[in-house]
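Participant: Below is the structure I would like to discuss, written out as structure tokens.
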Amino acid sequence: MNRTSPLGQAGLWIAILIAAVVTVFPFYWMLNTALKPQSEVFLSPPAFYSANWSLEAFRTLLVERPFARYFLNSLIVSLGSTLLSVALATFAAYGFTRFHIKGAGALIVFLLFTKMLPETLLIIPYFRLMSELGLINSHLSLILAYSSFALPFSVWMLIGFFRSIPLEIDEAAIVDGASRITTLWRVILPLARPGLVAVALFTFLISWNAYVWALVLTTDPSMFVLSVGIANMVGEYRVQWNELMAAAMIAAVPVMVMFAFLERHLVNALTAGAVKG
């Protein structure tokens, strides 16, 4: 193994420090703005800290605005979309990799093709469909929309993971008396855990950050999700920037928590097969 010279190590640490500052500074500035009073937001030169920091913007959001309702709506929609997408993608990928389906290759390519279509092309037909079903202003309409958009890529990802699991493992479980469902649940899914985590994170992020579909399918303010609620905080003549930054900080917390707990599985998913021939 080549040993890095002291000069090389110093350069490496400087590069790491710069990368850390570039990554962390936007979050610090959001927090700094959220804690400042509105009168200090546009001071020139800008203040990197203030003696008047307070949690007033957070209190206003949670007490005087329906922000908690937006947060709950986003959580319901994102978790529902994630569960539905992972469940359907799991069964689809398992079927494609374990059964000989005529035309499966063309169908898999078609799934990827649907992901290439601009989602905006589907807004009018999807809105009419949901309207006919009476699902406008409901969590279910958003869950179905986000799941349908995440499903093609989710199936593609899981097909790759299931193909890396030898068929002999399925056959051994079936010989021991396990059914197909038992084999999938107790044998295959634990082996494919990194892929399931990657798919779950992918779907959760799509659902959590989506804006256009939530804007189209919800008109009742009580059904707004975070993306729509935060966008509505931008007024025509005035913007409460400290409240806006506080809202952005709160909206970022669930995603950061998920990455903190699932980062190990996500890295395993991204590096799966990297050292195999």
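The values are calculated or read from the model by the stated rules, or taken from the named source; none is laboratory data. Small disclaimer: the values here were computed from a predicted structure and weren't measured. Neighbour counts are summed over all protein chains in view; Cβ atoms, including those assigned to glycine, are modelled from backbone coordinates with ideal geometry. All accessible areas refer to the heavy atoms of the entire protein, side chains included, with ligands and DNA or RNA removed. Shrake-Rupley method; radii C 1.70, N 1.55, O 1.52, S 1.80 Å.
Participant: Show the residue pairs that are 6+ apart or on different chains and have beta-carbon atoms under 8 Å apart, the first residue being within the range 90-115 and more than 21 Å from residue 166 (Cα to Cα), the second being surrounded by fewer than 10 Cβ atoms within 10 Å (Cβ to Cβ).
Facilitator: From the range 90-115, no pairs qualify.
Participant: Tally the residues that are open to solvent by 70 Å² or more (accessible area, probe 1.4 Å) and assigned to a helix (DSSP H, G or I), restricting the search to the range 175-185. Spell out how you get there, then give the answer.
Facilitator: The first filter runs over the range 175-185 and keeps only residues open to solvent by 70 Å² or more (accessible area, probe 1.4 Å), leaving 175-176, 180-181, 185.
Subset that is assigned to a helix (DSSP H, G or I): 175, 180-181, 185.
Matching residues across the range 175-185 total 4.
Participant: Could you check the range 205-232 and list, in sequence order, the residues that are open to solvent by 30 Å² or more (accessible area, probe 1.4 Å) and not β-branched (Val, Ile, Thr)?
Facilitator: Going through the range 205-232, the residues open to solvent by 30 Å² or more (accessible area, probe 1.4 Å) turn out to be 205-206, 209, 211-212, 215-216, 219-222, 230-232.
Within the range 205-232, 205, 209, 211, 215, 220, 221, 222, 231, 232 qualify.
Participant: Specify which of the listed residues (71, 113, 91) is among the aromatic types (Phe, Trp, Tyr), open to solvent by 20 Å² or more (accessible area, probe 1.4 Å), within 24 Å of the chain's Cα centre (by Cα) and modelled with pLDDT under 85. Explain how you work it out, then say what you get.
Facilitator: On the way: 71 fails: modelled with pLDDT under 85; 91 fails: modelled with pLDDT under 85.
From the options 71, 113, 91, the qualifying one is 113.
Participant: Just name the residue that is surrounded by the fewest Cβ atoms within 10 Å (Cβ to Cβ) out of those in the range 118-139 that are touching a residue at least 12 places away in the same chain (Cβ under 8 Å) and in a helix (DSSP H, G or I).
Facilitator: By that ranking, first place goes to 120.
Participant: Something else now. Pull out all pairs, ordered by first then second residue, where Cβ-Cβ is under 8 Å, the residues are six or more apart or on different chains, the first lies in the range 140-153 and is closer than 30 Å to residue 105 by Cβ and touching a residue at least 24 places away in the same chain (Cβ under 8 Å), and the second is β-branched (Val, Ile, Thr) and open to solvent by 20 Å² or more (accessible area, probe 1.4 Å).
Facilitator: Listed by first residue and then by second, the contacts come to 146/206; 149/206; 150/206; 152/114.
Participant: Could I ask something else about it? Among the residues of the range 5-25, write down those that are loosely packed, with under 10 Cβ neighbours inside 10 Å and under 30 Å from residue 59 (Cβ atoms).
Facilitator: Listed by number, the list holds a single entry, 23.
Participant: Quick one: residue 190 ticks every box in (1) assigned to a loop (DSSP other than H, G, I, E, B); (2) open to solvent by 50 Å² or more (accessible area, probe 1.4 Å) bar one, so which box is it?
Facilitator: Answer for residue 190: the failing condition is (1).
Participant: Okay, moving on. What number of residues within the range 26-48 are in contact with a helix residue (DSSP H, G or I) (Cβ under 9 Å, 6 or more places away or on another chain), outside any helix (DSSP H, G or I) and open to solvent by 80 Å² or more (accessible area, probe 1.4 Å)?
Facilitator: 2
Participant: What number goes with the only condition from (1) surrounded by 13 or more Cβ atoms within 10 Å (Cβ to Cβ); (2) outside any helix (DSSP H, G or I); (3) of a type outside the set (Lys, Arg) that residue 101 does not pass?
Facilitator: (1)
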